[in-house]
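Below you'll find the structure, written out as structure tokens, and then a few comments.
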Amino acid sequence: MKILIPLVGSFSKEGGWRVLSELANSWIRMGHEVVFLSHQHFKEPYFPTIAKIIFYNNKGELSFEGDSEYPLPFGGPFRLRKLLRLALNRLEADIVLATQHFTVDPIKRSHIKAKKFYYVQAYEPEFYNEGPLRYKIYRKIAVNSYKKGLSTIVNSPMYVNYKGIKSDKVIYPGLNLEIFHPNDMKNQNDVLILGTIGRTEVFKGTGYILEAFKILRKELGEKVELHIAFGNEEWSNIDGVTMHYPKGDIQLAHFYRSLDCYICAQYLQLQAVHYPVIESMACGTPLITTGYYPSNKNNSLIIKIKDPVDIVNKVKELIKDPNATEKRKAIALQSVKEFEWNLLATKMINFFKE
């Protein structure tokens, strides 16, 4: 089976790109052919893939070499969508997989003879609630993407019937459990190390974690630190905050294992799967979270959204009852077993064959 994954633009660092790379790698090991179609202004995949990559230029013609110096077309995603459609008309495949709202219309309108699927990893219109004027257009494109009639697969049960999304097919984002695994030894450190993945978008919740940490730092002094992976370098100016920049999944897993607690304060689409939640669980790191799947009161401490004081209280609860923390960790390790990549890749292939 030949599976084609078209991109409006090129690769990026967000967690959804890991999903695409890992699914592609699994499908190739199963004997399928997988091809990414990228604009010629090429960014190397942050998450490695063994899939073939071909390119389209600013005339919609195909090329087999990417070039980071090649100019992006005037008109941004609007022009890129037309170029992508022209490129798709020149290709053949068994399956074409849309993975982001900008790719849906070009795939739908292309003449390529293939089954056309849409893998929805989030309700993307909500990403454009605030921002520049063009976000109003982007939001409308995202809303309309669910109405184009592609066979839809979602990455969480919450999206099966969510606003404009309709689907009866669910494929979770996966984990490499050989990389994301617990420490063999406990941290022998008198300092409580809290951690999070730093994001500047308000809904990602890093600001609430910083507010909570400032309260904890006043109360506990140097006995508590906050380690942030990625984000705004200026956060390192806050007393007790250390910035980290892990490269790739191996270093990212080491980051999780270095923590005494991971905190997730993101507050949109709370029943979805959120990568830092399942990654920290798999690494045996105690979790404080607003409630992304598969977190619950048995495997994590659940906080209210937009509430720094509740974060402070949950950190204190974690410190106060280490036995309960260990029990939650053990349950969390069982909770993440359903995210193993080969299981998920096989399930999606079966959807393609239906």
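Database remark: amide H of Ala98 closer than 5 angstrom to the amide H of Phe117, Tyr118, Tyr119 (H placed geometrically; neighbours at sequence offset of 5 or more, or on other chains; Pro and chain starts carry no H). Near Phe351, once Lys and Arg are set to +1 and Asp and Glu to -1 for all other residues with Cβ below 12 Å from its Cβ, the sum equals +2.
Spread over its residues, the convex hull of the C-alpha atoms of region 5-121 is 96 Å³ per residue. How big is the gap, in Å, between the Cα center of region 76-134 and the Cα center of region 312-336? Cα centroid of region 76-134 versus Cα centroid of region 312-336: 41 Å apart.
Of Lys214/Lys306; Lys166/Lys337; Lys113/Lys353; Lys82/Lys148, which sit over 21 Å apart, Cα to Cα? Result: Lys166/Lys337 exceed 21 Å.
Grab the eigenvalues of the alpha-carbon gyration tensor for the chain, scale each by 5, take roots, and send me the semi-axes largest first in whole angstrom. Write out the running numbers ahead of the final one.
On the way: eigenvalues 285, 92, 72 Å².
Equivalent ellipsoid semi-axes, largest first: 38, 21, 19 Å.
Its Cα centre serving as origin, the chain has a Cβ charge dipole (Lys and Arg +1, Asp and Glu -1) of approximately 1560 debye.
Go through His181, His41 and list them by solvent-accessible area, largest first, probe radius 1.4 Å.
Working: His181 75, His41 45 Å².
Putting His181, His41 in descending order of accessible area: His181, His41.
Entry comment: accessible area of region 1-67 is 41 Å² per residue, from protein heavy atoms only and a probe of 1.4 Å. Dipole orientation for region 260-354: of the candidates Ile349, Asn296, Gln334, Asn296 has the Cα lying most toward the positive pole (charges on Cβ; Lys, Arg +1; Asp, Glu -1). The aspartates and glutamates within cross-link reach of Lys43, meaning a Cα-to-Cα straight distance under 16 Å and a gap of 8 or more places when in the same chain, are Glu14, Glu65, Asp67, Glu69. Over region 214-329, what percent of the accessible surface lies on carbon and sulfur atoms, probe 1.4 Å? Whole-percent figure for carbon plus sulfur exposure: 51. Simple rule: put +1 on each Lys or Arg Cβ and -1 on each Asp or Glu Cβ in the chain, find the dipole, and look at Tyr146, Gly221, Leu80; the Cα lying farthest toward the positive end is Tyr146. Think of a 1.4 Å ball rolled over the protein heavy atoms: region 254-354 then has 42 Å² of accessible area per residue.
The values are calculated or read from the model by the stated rules, or taken from the named source; none is laboratory data. This structure is a prediction, so every number in the text was calculated from the model and none was measured. Positions of Cβ are generated from backbone atoms using ideal geometry, with glycine treated the same way; all protein chains shown enter the neighbour counts. Side chains included, ligands, DNA and RNA excluded: accessible areas come from the protein's heavy atoms. Shrake-Rupley method; radii C 1.70, N 1.55, O 1.52, S 1.80 Å.
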